[in-house]
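One structure is given below, encoded as structure tokens.
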Amino acid sequence: MPAEPEIEAAAVGLRRQLADQLEKNGRLRSRQWRAAVEAVPRHAFIPRFYRESDAPGVTAWEPVTPEIAGQEEWLRLVYSDETWMTQFDGGDIDWADPQPISNAAPTSSSTLPSLVVRMLEDLDVHEGMNVLEIGTGTGYSTALMCHRLGSERVTSVETDEGVARRARDALATAGYSPHLLVGDGSVGHLDGAPYDRLIATCGFRNIPPAWLEQVLPGGVILTTLRGWMRSLGLVKLIVTGDSASGWFSEDDPSFMIARQQDAPKSLGTVPGPDDGTTRSAVGGPEILTCPGSAFMAQLAVPDARFFSMPVDGGTVGTFVLDSVTDSFAVLASTESGWRVRQGGPRRLWDAVESAVGTWEEYGSPSTAAFGLTVARDAQVVWLGNPSGPQWPLTS
Ligand SMILES: C[S@@+](CC[C@H](N)C(=O)[O-])C[C@H]1O[C@@H](n2cnc3c(N)ncnc32)[C@H](O)[C@@H]1O
């Protein structure tokens, strides 16, 4: 086993390589953030983690530690541009005897450095600014901000006590001492306000009102939005008093949803074969999975989820269920095309088709054509400009 100084020496080179790579792919754009990437030891924040296994079948993860992978390979993986999982289903991992994991949902991770750095660049921070981070996770992104701004300028909130404790220890080991809080980041942290910048590294269904109150006018809120079917991508808002407005980014990066906002366990009532009314449908279930149309579907039916299972005669039907309003749509293919059967107070597929139709009329643009305006009483996603077609974000 190489001694600690040998790890440090190897890590210095790997950090420089990582910074080169992030600069080359355009994610790292400034001298100051490059200095942070070169200085912060990611290996202090992910001494052990899980990676997705290549085995066919169900999604599974395998542990990576210096003992299992070998010190050199572990360190190489630590400094690769990958997201590494550090927690599943909100439980603690038994690192004395780590086992492969399947049938579990990741609940904490160290986000891939290119996304971390790109968001920090987008945050547009300057010396002397106060930043509130939501989702401390391993503490790696927190450490980058401490390096850039000074620990006293950084406040970070993590909802999970165990995750927060490990982040605190790792930050202290690396020499950083930001303000760390355990709690629900949707309420921000009033005692540390006002903030110049707020960055969230977990996804929210809408913009929590407390953020508007705690970020200074002219300040920036940078967060990913999430629905129960998919991510709505990254949005950068400029705060103007008690409202905020801004654009979605071109790509749509995704973060795990804030724990308090996860979908209810029950998908809702599965309709019987004779429930609802049937009509022909313009498209099929691919609308729910192709990037552009799926973004529209998420906007149109924010409380819905979908799954496929055999319906009468053994054909596969796609069920779109909204457990909040108890509405449903079931898509099935026939010889003449797709048919949809709908019931409940909301015609879910009508709403999806209408939103996708509007998007197509505008030339099927990328998410960068969409913006979000947040006011005290409403939050709306718009297309093209604030008075263009609109879809409310669910509250
Ligand atoms: C993708 S990880 C954060 C990655 C982290 N910034 C890093 O660089 O390692 C998301 C984190 O958000 C936390 N989280 C989820 N819901 C939260 C909430 N409502 N408030 C604060 N943290 C939350 C999760 O426990 C998880 O640790």
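The values are calculated or read from the model by the stated rules, or taken from the named source; none is laboratory data. The structure displayed is predicted, hence computed values, not measured ones. Cβ coordinates were reconstructed from backbone atoms using ideal geometry, including for glycine residues, and neighbour counts include every protein chain displayed. Each accessible area value is taken on the protein alone, full model and side chains, heavy atoms only, with ligands, DNA and RNA left out. Shrake-Rupley method; radii C 1.70, N 1.55, O 1.52, S 1.80 Å.
Laid out as a table, the results:
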| quantity | calculated |
| --- | --- |
| Total residues in the range 62-97, condition over 20 Å from Arg16 (Cα atoms), part of a loop (DSSP other than H, G, I, E, B) and open to solvent by 30 Å² or more (accessible area, probe 1.4 Å) | 8 |
| Hits in the range 323-346 (condition: at pLDDT 95 or above and under 25 Å from Val380 (Cα atoms)) | Ser327, Phe328, Ala329, Gly344, Pro345, Arg346 |
| Flag for Thr223 being in a strand (DSSP E or B) and among the hydroxyl-bearing types (Ser, Thr, Tyr) | yes |
| Selection from the range 288-334 of residues that are among the β-branched types (Val, Ile, Thr) and either open to solvent by 20 Å² or more (accessible area, probe 1.4 Å) or over 25 Å from Leu372 (Cα atoms) (or both) | Thr289, Val311, Thr315, Val316, Thr318, Val320, Val324, Thr325, Val330, Thr334 |
| Single residue of the range 233-255 satisfying the filter (crowded, with 21+ Cβ neighbours inside 10 Å and under 9 Å from the mean Cα position of the chain (by Cα)) that is nearest to the ligand (Cβ to nearest atom) | Phe255 |
| Per-region count, the range 231-260, residues among the charged types (D, E, K, R) and modelled with pLDDT of 95 or more | 2 |
| Residues of the range 99-112 satisfying the condition of being in a loop (DSSP other than H, G, I, E, B) and either surrounded by fewer than 18 Cβ atoms within 10 Å (Cβ to Cβ) or free of Cβ contacts under 8 Å to residues at least 40 places away in the same chain (or both) | Gln99, Pro100, Asn103, Ala104, Ala105, Leu112 |
| Among the residues listed as Ala164, Ala200, the single one being within 9 Å of the ligand (Cβ to nearest atom), hydrophobic (A, V, I, L, M, F, W, C), surrounded by fewer than 22 Cβ atoms within 10 Å (Cβ to Cβ) and touching a residue at least 24 places away in the same chain (Cβ under 8 Å) | Ala164 |
| Filtered residues of the range 300-355 (kept if out of contact with any Leu (no Cβ under 8 Å at 6 or more places or on another chain) and part of a loop (DSSP other than H, G, I, E, B)) | Asp303, Val311, Thr315, Val324, Thr325, Asp326, Glu335, Ser336, Gly344, Pro345, Arg346, Arg347 |
| In the range 1-39, the residues that are under 23 Å from the mean Cα position of the chain (by Cα) and not in a helix (DSSP H, G or I) | Asn25, Gly26, Arg27, Leu28, Arg29 |
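Quick grid of which residues meet (1) crowded, with 24+ Cβ neighbours inside 10 Å; (2) not in a strand (DSSP E or B):
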{"position": "Asp122", "(1), (2)": "no, yes"}
{"position": "Ala143", "(1), (2)": "yes, yes"}
{"position": "His147", "(1), (2)": "no, yes"}
{"position": "Ser156", "(1), (2)": "yes, no"}
